[in-house]
1. Taking the condition at pLDDT 70 or above and closer than 17 Å to residue 212 by Cβ, does residue 160 pass?
2. Specify the residue that is surrounded by the fewest Cβ atoms within 10 Å (Cβ to Cβ); the eligible residues are those in the range 96-119 that are in contact (Cβ under 8 Å) with a residue 60 or more places away in the chain and not in a strand (DSSP E or B).
3. Would you pick out the residues in the range 85-108 that are touching a strand residue (DSSP E or B) at 6+ places or on another chain (Cβ under 6 Å) and at pLDDT 95 or above?
4. Just checking, how many residues over the range 120-155 are modelled with pLDDT under 90, in contact with a helix residue (DSSP H, G or I) (Cβ under 6 Å, 6 or more places away or on another chain), outside any strand (DSSP E or B) and under 30 Å from residue 76 (Cβ atoms)?
C-alpha cells in the first residue's frame with residue numbers, strides 16, 4: 001500500500017460453497033494426488049532419457065549451442081564410457097561438416113587424444129622435400145590431453161576451438177611451408193607466442209556462447225586470466 005492513498009479497500013473476501021462443482025473437482029484432485037494417481041503432471045517429471053528422445057536431434061543443444069543435440073548426446077555417451085578419441089571425433093565431425101574446421105590442415109585428418117598431462121598442443125606443420133626437389137607442406141600435429149576431458153563437454157569443445165585457432169595462426173597466408181623458423185620467431189620470440197595465446201583466449205571467450213562455456217563463469221574467468229597473463 002502506497003503512502004497518501006485513499007482509505008483502504010473494504011472489498012470482502014468471498015467463500016465458495018463446498019458443494020459447488022469447482023470445489024468438488026479440487027477435492028477430487030487433492031485425493032488423487034494423495035494416492036499418487038495424478039497423471040497430468042507426469043510429462044513434467046518424465047525420465048531424462050525420454051525427454052532427450054523428444055528433442056529435435058538437429059536442433060542446437062542447450063549444453064553446447066554450437067553443436068546439435070545428436071552430436072552432444074553421442075559425445076557424452078562416449079565420454080561416459082571413457083572413449084576419449086571417439087568423443088573427440090564426434091565433436092569435431094560437426095564443425096567439419098559446417099566448414100568451420102578444415103581436416104586437410106590436421107595431421108592424419110583428425111585431432112588426436114594423447115593421454116598425458118596438459119590440455120592440448122598444436123605445433124607448426126613443417127615440410128619435407130619431394131623427389132622432384134620441391135617442398136611438401138606437412139599437416140599440423142594437434143593433440144588433446146587429459147585435462148581437456150575432465151571438466152565436461154563445454155570445456156572439451158572450447159579446447160578443440162582453442163587448439164584449432166592455433167592451427168589457423170600457424171598457417172602461412174601465402175601457402176608456404178610453415179616451420180618454427182618460417183613462422184617468424186615462433187620458436188625464439190616469446191612475445192609473439194604470448195600474443196598468439198592472448199588472441200586465442202580472447203577468441204575462446206567470444207565463442208563461449210557457442211561452446212557452452214558461457215554457462216560456467218568460473219571457466220570464463222580462468223580463460224580471461226590466462227589471456228591476461230599471456231600479455232605480460
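The values are calculated or read from the model by the stated rules, or taken from the named source; none is laboratory data. Because the structure is a prediction, the values reported are computed rather than measured. All Cβ positions, even for glycine, are placed from backbone atoms using ideal geometry, and neighbour counts span all protein chains on display.
1. Yes; evaluated as a whole, the condition is true for this residue.
2. So in the range 96-119, the residues in contact (Cβ under 8 Å) with a residue 60 or more places away in the chain come out as 101, 105-106.
The next check asks that each one be not in a strand (DSSP E or B); those that pass are 101, 105.
Working: 101: 19, 105: 17.
Here the answer is 105.
3. Correct list: 85, 88.
4. Total satisfying the criteria: 2.
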